[in-house]
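**Student:** Structure below; questions to follow.
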Amino acid sequence: MTETGVALQMQGVSKRYPGTLAVDGVDLTVYAGEVHALIGENGAGKSTLTKMIAGAFGDYTGRILVSSREVALHSPAAAKANGIQMIHQELSLAPALSIAENVLAGRLPTRGPLLNRKAMLAEARRCLARMGLRLDPETPVEEISQHEAQLVEIAKALGNNPCILVMDEPTSALGRNEVERLFEIIRTLRRQGLAIIYISHHLPEIFEIADRVTVLRDGKKVATRDLKEVTPAQLVEMMVGRSVSDLYARRKARPGPEKLRIENLSRYGFFHNVSFAVREGEILGICGLSGAGRSELARSICGIDPVDAGCISLGGSPVTPRSYREAIRAGLAYLTEDRKSQGLALRLDVAANILSAIIPRQCTAGLYFRGRGRGLLADLIDTLQVHPPDPSRPAGNLSGGNQQKVLLAKWLATSPKVLILDEPTRGVDVGAKVVIHKVIAALADMGKCIVLISSDLPELVGLSDRIVIMRKGHLIGRLPDDRRSEAAALLAANGEGELAPV
């Protein structure tokens, strides 16, 4: 690629937060017609750097050039005016508004002073068709699935005809079929000359879709490499500053007596007649495509959503939690897949988040004594390597990986007998994954009963002692031990291959 094809240049850019230099003198060059991956551990500076490109900060230092022309990206409007669009990991759609109103926000067609509804719907359909979506543009966003909303968000960004597109974890809510569709769109955009900055924690995605990669660590640029000249192991070593030979914990399982039994559990319309058992010290993996009913099953087991039929037994005794509070008291804990909207109170500090599920234990005569949890708090922060190890820091100021550690610490504080983990490492970096995997394995070694729901197939295969398959709301069988592999799990989730009885 020649210098004349440069779409974006960042020269010595820095951004400081109070007490933290988040981005430190970074140089970055992105060419038109390339997919440039940006990787690093959580807290490495990726989000801050891309927010600078998107105009979120007016106080950065250094120079930013778009098409060889220096620009001041001190507001989102300035970034948009210079042809820059960013697709955030957390969707920016308005749930109550229609798909069309979201896609065309800020550029709704008018006829005089009135909205031109016919033109709005036609343009929205054109934008959706570009993403391969056949949704009714008049449908409210709150009525579509999460992966459909992710594709609508991308359609919204592309509708502004950017020359530089920043994509932050764009596949986090997508199933494999949707990921393949997105990659085809990205390849088309690349052929059309669009410069794409692609952030992802999934190295296989990086090698599949990107041309070059820039690695950040501790706010500094480590290196930029052509992906044809580097291996995944080398990238991991650049990201974490050390060699990581195995990203997934390995252990020899020693399961004990049966702890959790689910019999013919149903929530009509979501899952039907699901039965399985898990023993102490065992990690049971549940594999399935998006919409298979895995999360819905977990939520019903823990009393968050209702159950229409079936039985739940814990340690041989039936339990019927009518609320999550009752489930926690019984020894069940559920780590949600959505830490920001359902798992953490981001405005509260780390201590308040971790101790929030055990407040009754810290009360006497109706009075809350927060200091009683000080020792437990210190132990959990140390075990999960929360960084910075400051319990007074607001959870919203932590990186995604450290927020996930805080969420896991919150449920470990309850000393659960059964821990249901729903996408426990979604959107976290390699280093945080290693820590979380080691903690999960250690909990199983201590005799905890763990149910693992994960779309990360290497994680699911690497951590689980047994893997069962859910498809279209039914548990259809178990992956045979002698055929446990990522490929076999994916085939089984698609309804192919032979399965063993559960």
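**Student:** Return only the number of the condition from (1) among the aliphatic types (A, V, I, L, M); (2) free of Cβ contacts under 8 Å to residues at least 40 places away in the same chain; (3) surrounded by 15 or more Cβ atoms within 10 Å (Cβ to Cβ); (4) part of a helix (DSSP H, G or I) that Ala409 does not satisfy.
**Tutor:** Single failed check for Ala409: (2).
Here is a yes/no grid of residues against (1) modelled with pLDDT under 90; (2) under 15 Å from Gln150 (Cβ atoms):
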{"position": "Phe183", "(1), (2)": "no, yes"}
{"position": "Ala195", "(1), (2)": "no, no"}
{"position": "Ser200", "(1), (2)": "yes, yes"}
{"position": "Glu208", "(1), (2)": "no, no"}
{"position": "Asp211", "(1), (2)": "no, no"}
{"position": "Lys228", "(1), (2)": "no, no"}
{"position": "Met238", "(1), (2)": "yes, no"}
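**Student:** Here's another thing I want to ask about it. So Ile164 passes all but one of these: (1) in contact with a helix residue (DSSP H, G or I) (Cβ under 7 Å, 6 or more places away or on another chain); (2) at pLDDT 90 or above; (3) of a type in the set (A, V, I, L, M, F, W, C); (4) crowded, with 18+ Cβ neighbours inside 10 Å. Which condition number does it fail?
**Tutor:** Failed condition: (1).
**Student:** Which numbered condition in (1) among the β-branched types (Val, Ile, Thr); (2) touching a helix residue (DSSP H, G or I) at 6+ places or on another chain (Cβ under 6 Å); (3) within 16 Å of Val166 (Cβ to Cβ) is the only one that Val71 fails?
**Tutor:** (2)
**Student:** Does any residue of the range 34-44 turn out to be farther than 16 Å from Lys221 by Cα and more than 17 Å from the chain's Cα centre (by Cα)? First the steps, then the outcome.
**Tutor:** Kept after step one, since they are farther than 16 Å from Lys221 by Cα, are these residues of the range 34-44: 34-35.
Checking which are more than 17 Å from the chain's Cα centre (by Cα) leaves us with 34-35.
Yes - at least one qualifying residue is present in the range 34-44.
**Student:** Within the range 462-494, track down each residue that is outside any strand (DSSP E or B), among the small types (Gly, Ala, Ser) and touching a residue at least 24 places away in the same chain (Cβ under 8 Å). Working first, answer last.
**Tutor:** First pass over the range 462-494, keeping only residues outside any strand (DSSP E or B): 462-465, 472-473, 479-494.
The next check asks that each one be among the small types (Gly, Ala, Ser); those that pass are 462, 464, 473, 485, 487-489, 492-493.
Result: Gly462, Ser464, Gly473, Ser485, Ala489, Ala492, Ala493.
**Student:** Going by what's in this entry, would Gly33 be described as outside any strand (DSSP E or B) and touching a Leu at 6+ places or on another chain (Cβ under 8 Å)? Before you say what the answer is, go through the steps one by one.
**Tutor:** On the way: outside any strand (DSSP E or B): yes; touching a Leu at 6+ places or on another chain (Cβ under 8 Å): yes.
For Gly33, the condition - outside any strand (DSSP E or B) and touching a Leu at 6+ places or on another chain (Cβ under 8 Å) - is met.
**Student:** For the range 259-284, which residues satisfy the criterion of being acidic (Asp, Glu) and surrounded by fewer than 22 Cβ atoms within 10 Å (Cβ to Cβ)? Spell out the reasoning first.
**Tutor:** First, the residues of the range 259-284 that are acidic (Asp, Glu): 263, 280, 282.
Of everything in the range 259-284, those that are acidic (Asp, Glu) and surrounded by fewer than 22 Cβ atoms within 10 Å (Cβ to Cβ) turn out to be Glu263, Glu280.
**Student:** Let me ask something else about it. Across the range 305-329, what is the number of residues that are touching a strand residue (DSSP E or B) at 6+ places or on another chain (Cβ under 8 Å) and either within 15 Å of Ile262 (Cβ to Cβ) or surrounded by fewer than 14 Cβ atoms within 10 Å (Cβ to Cβ) (or both)?
**Tutor:** Final tally of qualifying residues: 17.
**Student:** Could you count how many residues in the range 289-341 are in a loop (DSSP other than H, G, I, E, B), on the phi < 0 side of the Ramachandran plot, of a type outside the set (Lys, Arg) and assigned by TED's automatic domain parsing to the domain that holds Val502? It would help to see each step written out before you state the result.
**Tutor:** Start the filter on the range 289-341 by keeping residues that are in a loop (DSSP other than H, G, I, E, B), which leaves 289-293, 302-308, 315-316, 320-323, 331, 336-338.
In the following step, the residues that additionally are on the phi < 0 side of the Ramachandran plot were identified as 289-290, 292, 302, 304-308, 320-323, 336-338.
With of a type outside the set (Lys, Arg) added as a condition, the list becomes 289-290, 292, 302, 304-308, 320-321, 323, 336-338.
Subset that is assigned by TED's automatic domain parsing to the domain that holds Val502: 289-290, 292, 302, 304-308, 320-321, 323.
Result for the range 289-341: 12.
**Student:** Restricting to the range 379-402, name every residue that is without any contact (Cβ under 8 Å) to a residue 40 or more places away in the chain and either surrounded by fewer than 19 Cβ atoms within 10 Å (Cβ to Cβ) or among the acidic types (Asp, Glu) (or both). Full working, then the answer.
**Tutor:** Within the range 379-402, the subset without any contact (Cβ under 8 Å) to a residue 40 or more places away in the chain is 379-382, 386, 388-389, 397.
Passing the criteria: Asp379, Asp382, Pro388, Pro389, Asn397.
**Student:** Any chance you could count how many residues in the range 50-85 are touching a Lys or Arg at 6+ places or on another chain (Cβ under 8 Å) and under 17 Å from Ala32 (Cα atoms)?
**Tutor:** Of the residues in that region, 1 qualify.
**Student:** Check Leu73, Leu8 and return the single one that is over 26 Å from the mean Cα position of the chain (by Cα), surrounded by 14 or more Cβ atoms within 10 Å (Cβ to Cβ) and in a loop (DSSP other than H, G, I, E, B).
**Tutor:** Details: Leu8 fails: in a loop (DSSP other than H, G, I, E, B).
None of the other options fit; the residue is Leu73.
**Student:** So in the range 45-70, with the set limited to residues that are over 24 Å from the mean Cα position of the chain (by Cα) and on the phi > 0 side of the Ramachandran plot, which one is surrounded by the most Cβ atoms within 10 Å (Cβ to Cβ)?
**Tutor:** Residue satisfying both the conditions and the ranking: Ser67.
**Student:** Just to confirm my filter: which strands (runs of 3 or more DSSP E) fall fully inside the range 176-234 and include at least 2 residues that are free of Cβ contacts under 8 Å to residues at least 40 places away in the same chain and out of contact with any Cys (no Cβ under 9 Å at 6 or more places or on another chain)?
**Tutor:** Working: elements: 195-199, 212-217, 220-226.
In the range 176-234, 220-226 are the strands (runs of 3 or more DSSP E) which contain 2 or more residues that are free of Cβ contacts under 8 Å to residues at least 40 places away in the same chain and out of contact with any Cys (no Cβ under 9 Å at 6 or more places or on another chain).
**Student:** Exactly one of (1) closer than 25 Å to Leu265 by Cβ; (2) under 23 Å from the mean Cα position of the chain (by Cα) is unmet by Ser323. Its number?
**Tutor:** That leaves (2) as the condition not met.
The values are calculated or read from the model by the stated rules, or taken from the named source; none is laboratory data. Quick caveat: nothing in here was measured; it's all calculated off a predicted structure. Neighbour counts are summed over all protein chains in view; Cβ atoms, including those assigned to glycine, are modelled from backbone coordinates with ideal geometry.
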